[in-house]
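Beneath this line is the structure, given in structure tokens, with notes to follow.
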Amino acid sequence: MAEKFAFTYEEKKKMASQTAEILTEEIGLKGDAIDAVMLIPEIDAGNVSIEDVEQTHGESVARILHGLGRIQQLYDKNPVIESENFRNLLLSFAEDMRVILIMIADRVNLMRSIRDTDNEEARQEVSQEAAYLYAPLAHKLGLYNLKRELEDLSLKYMEHDAYYHIREKLSATKAARDAYIDRFIKPVEEKVKAAGINCHIKGRTKSIHSIWQKMKKQKCPFEGVYDLFAIRIIIDCPESQEKMQCWQAYSIITDMYQPNPKRLRDWLSVPKSNGYESLHITVLGPEQKWVEVQIRTERMDEIAERGVAAHWRYKGVKGETGLDEWLTNIRSMLEHSEGMEAMDQFKMDLYEDEVFVFTPRGDLFKFPVGATVLDFAYHIHSKIGNQCTGGRINGRVVPIRYELKSGDQVEILTSANQKPRQEWINFVKTSRAKSKIKLALKETQVKDGLFAKEMLERKFKNRKIEQDESTMFHVIKKMGFKEVSDFYKQIADGFIDTNAVIDKFLELKESEKVVTGDNMARSAEEFVLDESKIAGLNQPVNDDVLVIDRNLKGLDYQLAKCCSPIYGDSVFGFVTVNGGIKIHRTDCPNAPELRRRFGYRIVKAKWSGKGSSQYSITLRVIGNDDIGIVNNLTSIISKDEKLILRSINIDSHDGLFSGTLEVMINDNTRLEALMKKLRTVKGVKQVDRI
């Protein structure tokens, strides 16, 4: 804006008049927009207020001036203007499209006026803004002459030597170049029309800025830019004949001039995703000069120039779908005088789902509507999000739940003592923030769990109790936890007393249910059998050999109670905290957790020897509660002299029974045979090993 330079009040009035002239002559705006421009110096000088303007000139003029004021507030935040987000924020802040048009005209006028200024820094700044911000906007709106002037003037001020070098080259060859274009067009036009194709042909030379971009991209001198000339052949024909006549014109031109096949662009057969249709070919014209030729119909040209497949996007200027459609509507208004009156009623409703906010140094970020200070913090960095305690919005302290608004300047406040909380997930808006919070909570839970585990182990040692993993897994299960991590989290949070855990551990470690009953034929209800005479058989004798790790024998080991392995089972060893080895079945329910958390303590193990020892195993039996069911089960066991029934405990309910049989057995082969026989008993539905 002109505020970057120390213009006097009189100079501002003169510039306002010049801006108004650009708006009228080159854009076509009249009425309220012109009144607003002429009032800008009065507003800046404090001679009138926007409220006064609304009283004297009406709401429309006041709205334009208010929009210009809001834009000035954005500039006061020192934004990074080389940003797509800033251009979008500019449009959403303008409220009225005439604000943007006034700004483009004002920037063109300013660029014309600062040729001889001594303030080189300000000139560089406004030139950069012209190139990155205002020229693309002018291009979007179809203001091609203003766009070209903005680009050339910005190049002139920012790349002085390059600009004058190209200009001198163009000036030296202008007459020859124009004559060359005429010589190229005339025979082409004659042959195309002779073929019955109704068309008109336009020739042009690329702008200084465009040539400079080519030189930089291709890393070549001026003479190396071989497509300085561009010819557009625009055919007038029915839509049904478009492709045929375009390819016919293409055939005529490539017969006349040698084409460069690498430069063929066929957007006729397969249009661009944005709808752009055209044939592009570069041919070697007279005097061995390369010329780019574009072939399209009136319909295609109108679409390319007017917006459905906007020409500015075809040139690589990026934008968003909603913005494209909206700006195209405005451009259409500018090109039809009858549409100018509609500008008075036209207000912007873009970006209803987005907000744009600044960092203190002027970086601009886009967020969905409803995003909070915490979303902003996590966008910057995970650590900043985890330690966020609130924010400072435009200098005012706000909580982490504060919802951002477009134009807010956001500074994040943090504390080393802050930690992520579960409820944060409920109010953040962005998926990035949600995932970062979940990750941080998980990491915190792991740390707290490790601390709780160490604390529990210290308690065991203080009470001189030997802790083993398998019994601890039983304790955790009995206390209603599916996940070990949840159990330790409850300890860390103080919801579980460690002494209660130790008491439960001792109870499970030392308890051993032994029940008695008779062998009469009756219902399974409340049936309990106790064979106390075999109470000492719960440990295997030493006939079997367990080979541990690398063929080591004779090591002390215990069979884990959680899975009760027996001879023949596939097993592994687990080194406990006190150095002893517990033997688990490979399909033990605790095996996955042991491997995941303590893989370094797993050792290989396998059975050797004869399999003559006896092991205690427990079977779960489920079936119909029929008279004699208990006798039928126990009789199968009693018939095998190598099997000993140690205990039986069966409960009955609503005609069904479920119970456990504890049996002393030699190996898993005999166990499988027993289970198979038990399943043949009438009324038995399921037999499983526990």
> residue 458 versus residue 270, label points 7 Å from Cα toward the beta carbon: distance in nm?
Replying inline: 6.8 nm
>> Give me the dipole magnitude in Debye, nearest 20, for segment 243-294 about the Cα centre, with unit charges on the beta carbon: positive for Lys and Arg, negative for Asp and Glu.
In response: 160 debye
> So how do 582, 677 rank on accessible area, 1.4 Å probe, biggest first, that is with the largest at the start?
Replying inline: 677, 582
> Calculated FRET efficiency, residue 118 and residue 10, Cβ-Cβ r, R0 22 Å, to nearest 0.05?
Replying inline: 0.70
>> Given the C-alpha atoms of segment 406-505, compute the convex hull and give its volume per residue in Å³.
In response: 121 Å³
> Toward the positive end of the charge dipole of segment 119-247, about the Cα centre and with charges on Cβ (Lys, Arg +1; Asp, Glu -1), which of 197, 218, 185 goes farthest?
Replying inline: 197
> To the nearest 10 square angstrom, how much accessible area does residue 66 have with a 1.4 angstrom probe?
Replying inline: 80 Å²
> Can you give the extra length, in nm with one decimal, that the chain gains between residue 443 and residue 383 once fully stretched, where that is 0.36 nm per residue apart less the Cα-Cα distance?
Replying inline: 20.3 nm
> What ranking of 479, 472 comes out by heavy-atom accessible area, probe 1.4 Å, highest first?
Replying inline: 479, 472
>> What figure, in Å² to the nearest 10, do you get for the accessible area of residue 653 with a 1.4 Å probe and non-protein molecules left out?
In response: 130 Å²
>> Suppose we keep just the alpha-carbon trace of segment 131-230; what are its Rg and Dmax in angstrom?
In response: 16.1, 49
>> Give me the extension gain from residue 403 to residue 161: residue separation times 0.36 nm, minus the current Cα-Cα distance, reported in nm with one decimal.
In response: 82.2 nm
> Charges only on Cβ, +1 for Lys and Arg, -1 for Asp and Glu: so what's the dipole of segment 193-296 about the Cα centre, in debye to the nearest 20?
Replying inline: 520 debye
> Given the protein chains as shown and a 1.4 Å probe, how many square angstrom of residue 688 are accessible, to the nearest 10?
Replying inline: 50 Å²
>> Give me the dipole magnitude in Debye, nearest 20, for segment 213-269 about the Cα centre, with unit charges on the beta carbon: positive for Lys and Arg, negative for Asp and Glu.
In response: 540 debye
>> For the ranges 165-172, 436-443, what's the packing order if you count other beta-carbon atoms within 10 Å of each residue, average per peptide, and put the highest first?
In response: 436-443, 165-172
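The values are calculated or read from the model by the stated rules, or taken from the named source; none is laboratory data. Keep in mind that this is a model prediction, so the values were computed, not measured. Counting neighbours? That spans all protein chains shown, and the Cβs are built from the backbone with ideal geometry, glycine included. These accessible areas exclude ligands, DNA and RNA; they are computed on the full protein's heavy atoms, side chains included. Shrake-Rupley method; radii C 1.70, N 1.55, O 1.52, S 1.80 Å.
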